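Here's the structure we're looking at; comments come further down.
The values are calculated or read from the model by the stated rules, or taken from the named source; none is laboratory data. Here the structure is a predicted model, which means the values were calculated and not measured. No Cβ is skipped: glycine too gets one built from the backbone with ideal geometry, and neighbour counts run over all protein chains shown.
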Amino acid sequence: MRIDTRLVRAGLGTDPQTGAVSTPIHPSATFAHPGLGRSTGFDYSRTANPTRRVLEQALAEVEGGVRAFAFPSGMAALTTLCLLFRPGDHLVASDDLYGGTYRLLERVFREYGLEVTYTDTTAPEWVEPALRPNTRALLVENPTNPLLKVADLEALGRLARDRGLVFVVDSTFLTPYLQRPLELGADIVVHSATKFLGGHNDLLAGILVAREPEWAERIEFLHNTTGAVLDPFSSWLLVRSLKTLAVRVEHQCRTAEKVARFLLGHPGVTRVYYPGLPDHPGRQILERQARGFGAMVSFRLRGAHEVPGFLERLRLVTFAESLGGAETLVTVPSRQTHCDMPSEVRERLGVTDDLVRLSVGLEGSEDLIEDLDRALQGESG
Amino acid sequence: MNRRRPSPATRCVGGRTEVDPTTGALGTPIVMASTFHQEDPGRPGPWEYTRSGNPTRHAVETLLAELEGGTAGFAFASGMAATTAVLSLLNQGDHVVAAQDLYGGTFRALTAVFSRFGIEATFADATDPDALARAFRSNTRMVWLETPSNPLLHVTDLRACASFARERGALTVVDNTFMTPLRQHPLGLGVDIVVHSATKFLGGHSDLVAGAVVVSDPDLAQQVGYLQNALGGVLSPHDSWLLARGIKTLKARYDTEEATAQELARRLDEHPAVERVYYPGLPDHPGAGIHAAQASGPGAVLSFDVGSEEAALRVLQAVEVPAVAVSLGGVESILSYPWTMSHAAMPPAHRRALGIGPGLLRLSAGLEDVEDLWADLERALGG
């Protein structure tokens, strides 16, 4: 079965008792036992819940992993990931990554003795110098947030295997519809499912998918022990979202490409970051390892002073954090998603106040382009 | 005329204080939005992103803080997610003194997760002030208590423990799941942090998994809020609404469940097949005096020992009214077997040393009629 078929069939046939096509929401916190020492497979919802299980199985299947685990936010998934390591362990992570991940690593897990080096993770030659004898893992966002740098996952996967590292890929921007890191050598995939997987800006969720049973067992233990589990209602909502993932992402990618090309030719824009543009250094890699370039477009205005007016003049595009939903959203990463990163780090990376990040939604491309054009030209319309 | 502070029962219901200003709807709407429109990049609005704050979650967090007499409440995806956030206040090299018969899941988080990050724990008999004092070290930063404890309903003197810990620079955390804020206000007794598995009495319907943290101190509130957002184990808007809905009936449920537990404890205590009943509402309970001084009722959970694994299994197989399951605090009575269920994460030797033997059963009284429950238990006990 192809992935779009698998996605549509998520949860189908999971309720033989009624034949319900939409998987039931099981809010039950606990489950009656047929007898002592006997179990239906479900004992307590933190440990396993039937609705969450349907979601987790669907995600494991579409990512090509053995097990998936659903958390109440992307950060909760990353917290659990970090708990796999020990004090004294060293991680190498993308230097241009989500500000919340940076905050978690720097402000929480560094206190517990996890060491992290941030580097350009687009190619093995940048990663290798950062490796140490105690390096245990490589954490890569692909593409990165917000500058959309693309990593050669196959090459990094070979490096990780040679050096005995756990290779973790945050695949939030591309989803399993466009990119399946486990097939390219990753050991664990992370998602903020709040974004494209959920796709409606109406739920918060995080996902970990493991390729091998060894990691799956350790994640399962931590998931249950530290207790950050996704609730049954959101689990059901996410299953529902998976059914439209392929059509949503296809449409969003097409519109993003049109928007990126429009922005590229606009005098009010000094630079456009979109991996689908011909001169983007990651385009060839994505052509090989993904089936699309995603729906995230970052761009620079002529100066930070242009940004407030631009945001004010937008009428269709909503100024709000987050991404991946049906509604097109715009953010200023340096002030919002990446504000926990020290300003000198932001400056060095180019996450400056003139940078705007656009998550392209499902509106008509002409309407979006018209709205952006008016806002860029300084017309209040 | 002085305005009376509303009674807990009135606060639980919410009423006029939670009218949606846009529509007049009673109760906060379920705001599922993950993100919120912003007017100005320099001045974020009150709501930005649901992990850092959500109107529906905020409503239940405010209610929890008020009920516990704290200044800030935090809702989590499970009691263990709440516990994880509180334990994350600690740093490498810090030491925790924990009550020895605490919930198996908390025991597991301390010994199998936080221990790996250089946080050590010593388990002590918290009912004995000398034993607690002996467990303290120069690096002790936190004391973790449950009273009455799970499953043996041991009672700890909260005021004495909190004051002892404070003198030594340690925070006191109390898991108030069994008592709920209707019966016990640890923050008023000098405790720093209250934790709940809101899955239990607060939710009350066995239909959601949730946790809560309440504090009084503004610095602690800031730190817990930071960790809630940074670690991300937050309660969903839907379950936040369901929890607030559960709390509306908390007093009606708890009063009835407690009265049923009290009556069942009395009758079980006289039953020849029962070796011992653990319930702070029985006059011979060793902690009855302290409990009466710090809480306003004995609660709705009791444990009883039927002497052997065979006898316990017979009861579990014979009962028809209570559900045989883990968890507690729901409208349905739940009979559980700590030996293999809630406390299985504790090593057998540790369980036995505490008195959690293979003959022990834990009953969470629900809303069934007490006579139906008793007839069922009596038949199951072979009486």
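The figures follow:
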item	result
Flag if residue A:55 is in contact with a strand residue (DSSP E or B) (Cβ under 8 Å, 6 or more places away or on another chain), over 30 Å from residue B:336 (Cα atoms), crowded, with 24+ Cβ neighbours inside 10 Å and of a type in the set (A, V, I, L, M)	no
The stretch A:119-146, residues that are closer than 22 Å to residue A:334 by Cα and surrounded by fewer than 19 Cβ atoms within 10 Å (Cβ to Cβ)	A:119, A:120
Selection from the stretch A:219-238 of residues that are closer than 17 Å to residue A:200 by Cα, more than 7 Å from every other protein chain (Cβ to nearest Cβ) and among the aromatic types (Phe, Trp, Tyr)	A:236
Index of the failed condition, residue B:122 passing every other in (1) under 30 Å from residue B:285 (Cβ atoms); (2) of a type in the set (Ser, Thr, Tyr); (3) within 20 Å of the chain's Cα centre (by Cα)	(3)
Condition met for residue B:79 (surrounded by fewer than 24 Cβ atoms within 10 Å (Cβ to Cβ) and within 12 Å of another protein chain (Cβ to nearest Cβ))	no
Which listed residue is facing chain B (nearest Cβ under 9 Å) and closer than 22 Å to residue A:145 by Cβ, from A:76, A:93, A:29	A:76
Per-region count, the stretch B:206-225, residues assigned to a strand (DSSP E or B) and more than 23 Å from residue A:225 (Cα to Cα)	1
Residue count, the stretch A:303-341 (criterion: more than 10 Å from chain B (Cβ to nearest Cβ), among the basic types (Lys, Arg) and buried (at least 17 other Cβ atoms within 10 Å of the Cβ))	1
Out of A:97, A:84, A:91, A:105, sole residue that is at negative phi, in a strand (DSSP E or B) and either in the same structural domain as residue A:198 (by TED's automatic domain parsing) or β-branched (Val, Ile, Thr) (or both)	A:91
Any hit, the stretch B:13-33, residues being outside the structural domain of residue B:344 (by TED's automatic domain parsing), among the hydrophobic types (A, V, I, L, M, F, W, C), in contact (Cβ under 8 Å) with a residue 40 or more places away in the chain and surrounded by 24 or more Cβ atoms within 10 Å (Cβ to Cβ)	no
The listed residue being in a loop (DSSP other than H, G, I, E, B), away from chain B (no Cβ under 14 Å) and not acidic (Asp, Glu), out of A:40, A:23	A:23
Residue B:137 vs. criteria outside the structural domain of residue B:304 (by TED's automatic domain parsing) and touching a residue at least 40 places away in the same chain (Cβ under 8 Å)	yes
Lone qualifier among B:122, B:62, B:50 - being away from chain A (no Cβ under 14 Å), out of contact with any Phe, Trp or Tyr (no Cβ under 7 Å at 6 or more places or on another chain) and more than 30 Å from residue B:346 (Cβ to Cβ)	B:62
Meets criteria (buried (at least 24 other Cβ atoms within 10 Å of the Cβ) and part of a helix (DSSP H, G or I)) for residue A:77	yes
Wholly enclosed helices (runs of 4 or more DSSP H) of the stretch B:244-361 bearing at least 3 residues within 14 Å of another protein chain (Cβ to nearest Cβ) and touching a strand residue (DSSP E or B) at 6+ places or on another chain (Cβ under 9 Å)	B:309-318
Single condition residue A:263 does not satisfy, out of (1) surrounded by 20 or more Cβ atoms within 10 Å (Cβ to Cβ); (2) hydrophobic (A, V, I, L, M, F, W, C); (3) under 19 Å from the mean Cα position of the chain (by Cα)	(3)
Selection from the stretch B:225-263 of residues that are among the aliphatic types (A, V, I, L, M), crowded, with 24+ Cβ neighbours inside 10 Å, out of contact with any Lys or Arg (no Cβ under 6 Å at 6 or more places or on another chain) and over 20 Å from residue B:327 (Cα atoms)	B:231
Residue selected from the stretch B:158-205 under the condition touching a Pro at 6+ places or on another chain (Cβ under 6 Å) and assigned to a strand (DSSP E or B), by the criterion surrounded by the most Cβ atoms within 10 Å (Cβ to Cβ)	B:194
